[in-house]
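What follows is a set of notes on a single structure, which appears directly below.
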Amino acid sequence: MNLEELIKENILLREENNKLKKQIENYFTSRKSYYEKNKDYVKEKAKESLKKLAIENPDKLRQYRRTAYLNQKEKKKLKELESKNIDNK
């Protein structure tokens with residue numbers, strides 16, 4: 001490949017990259033606006049699904065809550081370590 005071909009390819013890839021960035025941005029803004037408009041509906045559906053899960057499979061619900069607890073615990077540890085590292089510097 002010579003230099004001109006590389007430059008053309010680079011330009012094409014940049015254009016494609018910009019196009020994909022715009023598509024991703026549109027996707028996320030539409031999802032965000034949907035949630036903002038239907039926040040109450042989404043929360044209500046989540047509560048219903050949790051109630052249904054508690055009835056059908058309480059072990060699975062217990063597992064979800066345990067994982068959430070462990071994730072919170074891990075985040076708290078990381079936050080404490082970061083604050084200690086910042087204080088030590």
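FYI, it's all coordinate maths here, none of it is from the lab. Here the structure is a predicted model, which means the values were calculated and not measured. Don't worry about glycine lacking a Cβ; one is built from the backbone with ideal geometry, like all the others, and counts go over all protein chains shown.
Summary table
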| quantity | calculated |
| --- | --- |
| [x] 41; [y] 23; [z] 68, with the label sought being that of the calculated percent of Cα pairs over 22 Å apart | [z] |
| Estimated FRET transfer efficiency when R0 is 25 angstrom, pair Tyr27-Leu53 (beta carbons, to 0.05) | 0.30 |
| Given charges at Cβ of Lys, Arg, Asp, Glu: the chain dipole, positive-most of Ser49, Ile7, Leu78 | Ser49 |
| The chain - mean residue ellipticity at 222 nm from DSSP helices (-39,500 (n - 2.57) per run, n ≥ 4, rounded to 500) | -34000 deg cm²/dmol |
